[in-house]
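Step one of this worksheet: look at the structure below.
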């Protein structure tokens, strides 16, 4: 009766851990991978790079201070002595105005009359304002707008790399769980074969069965030992694959400091495919990144459109020709015009940027389509994996009943050892398929989570 009791316990073995070390759950494993893996550590620099780009773009709006001093003496007198200082502040607003402050002093008996000022010098305060080209955007503001999108692009890129890594880690983890429980199945079947070998030997010694039955029982033990070694090899290899993703693991892999969790026996029913697809379009980082790239290309196209207008800038301000007399204030006005006659370079740039916008939009549409396909594939895989589990459970139940009946007949002397071995082999294959089916469900669930963007 001992091996009959062992047989009854076989289905329980596929829901038990190996008992080696601390159980490492999937969530704990993924957390360790996310904290330790160098791929994500490298991706963590993307937000810092984006911040530096924003700071660089903002630097183009920094106040610009310039100062120049020249002095030439002749026989102890100032031949030429000039001081020229200015402060310019560009503003991030429509029309792109620039505030300007200047101070100039020129003295000397041979100085250019145009550069000659009062001893106190002259100062001015004014602004420069474009009125055609550069009203809505310019190179400075365009660079800042694009830089402000960089953190969003960096986050999307980081999420893409994170999701891909966690997907790989999840698949490897469930491979490990499957390999462990396949080995447990092999352990249980080997234990049954060894008990039966002892049983057959005692019957043979008592003259109740032929000696050749002992050889057949031993042959089955050896066969199952080989299967167990194969299962153990696969488990060790998959374990090394999982362990290799833990970069800061302190103990050598030979110590087997942790074991996998059990494969679940109950599973969630997936949501409607349309709702999953709609959620994926909102969450998937690939779509978010492509959307930001479309917006970036539109910024460049808007800038190119500005160059199709002539550059006209008004320069106006207040000027004091003698800073020692602050009440004596005059005005100055200037106009600067630059206009290419054919606009060929500007039109080519506009055409190029327009094509870039169209390409970015096409890329976004393509990625949305690929995301839909990812979701559909993952959804079908999860649904079919659930159906496979139902079939595998029924198969194991039927195989269990057949083995129990055959073993009862064998104990009563109404069956042969060959038939018992065949029935148990069929049960072993059914158990292996059940383990594989359950692992497939978890792998399909990981793929569905990745396809949805919520892994």
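What the table shows:
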| quantity | calculated |
| --- | --- |
| Cβ crowding within 10 Å averaged over residues, with 433-439, 26-32 ranked highest first | 433-439, 26-32 |
| Three-way shape call for the chain based on the alpha-carbon gyration tensor, with the a/c threshold at 1.5 | prolate |
| FRET efficiency estimate (nearest 0.05) - Cβ-Cβ, residue 328 to residue 68, R0 25 angstrom | 0.45 |
| Separation between Cα centres of segment 100-137 and segment 314-363, rounded to whole Å | 19 Å |
| Calculated FRET value between residue 342 and residue 370, using beta carbons and R₀ = 41 Å, to 0.05 | 0.45 |
| Helix 285-306 axis, angle to the chain major axis (alpha carbon atoms, nearest 10°) | 20 degrees |
| For segment 188-252 and segment 142-175, distance of Cα centres in Å | 45 Å |
| Mean-position separation - Cα centroids, segment 60-94 and segment 374-436, in angstrom | 90 Å |
| Extended-chain gain in nm, criterion 0.36 nm per residue less alpha-carbon gap, residue 319 and residue 397 | 18.2 nm |
| Label-to-label distance, nm, for residues given as residue 202 and residue 56 (7 Å Cα→Cβ offset) | 8.2 nm |
| Antiparallel %, DSSP beta bridges [both residues in the chain], to 5 | 90 percent |
| With Cα atoms, 0 to 90° folded angle of helix 211-243 axis to the chain main axis | 10 degrees |
| Calculated FRET efficiency for the pair residue 127/residue 383, C-beta based, R₀ 56 Å, to 0.05 | 0.25 |
| Peptides 182-194, 95-107, 68-80 ordered by average Cβ neighbours within 10 Å, highest first | 182-194, 95-107, 68-80 |
| Burial ranking of peptide ranges 375-387, 165-177 (average Cβ count within 10 Å, highest at the top) | 165-177, 375-387 |
| Cα-based shape type of segment 150-255, given that a ≥ b ≥ c are square roots of the gyration tensor eigenvalues and the cut on a/c is 1.5 | prolate |
| Ellipticity estimate at 222 nm from DSSP helix runs (n ≥ 4, -39,500 (n - 2.57)) divided over the chain, nearest 500 | -22000 deg cm²/dmol |
| Spin-label proximity, residue 164 to segment 417-455 - amide N less than 17 Å from point 7 Å beyond Cα toward beta carbon | 447, 450-455 |
| Stretchable slack from residue 139 to residue 41, in nm (0.36 nm times residue separation minus alpha-carbon distance) | 31.9 nm |
| Gained length - residue 265 relative to residue 93, 0.36 nm times residue gap less alpha-carbon distance | 55.8 nm |
| Contact order normalised by residue count of the chain, Cα under 8 Å, 6+ apart, percent | 21 percent |
| Global form of segment 105-198, assessed from the alpha-carbon gyration tensor, a/c cut-off 1.5 | prolate |
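Computed from the coordinates by the stated procedures, all read-outs in this text should not be read as laboratory data. Here the structure is a predicted model, which is why all the values come from computation and not from measurement. Cβ coordinates were reconstructed from backbone atoms using ideal geometry, including for glycine residues, and neighbour counts include every protein chain displayed.
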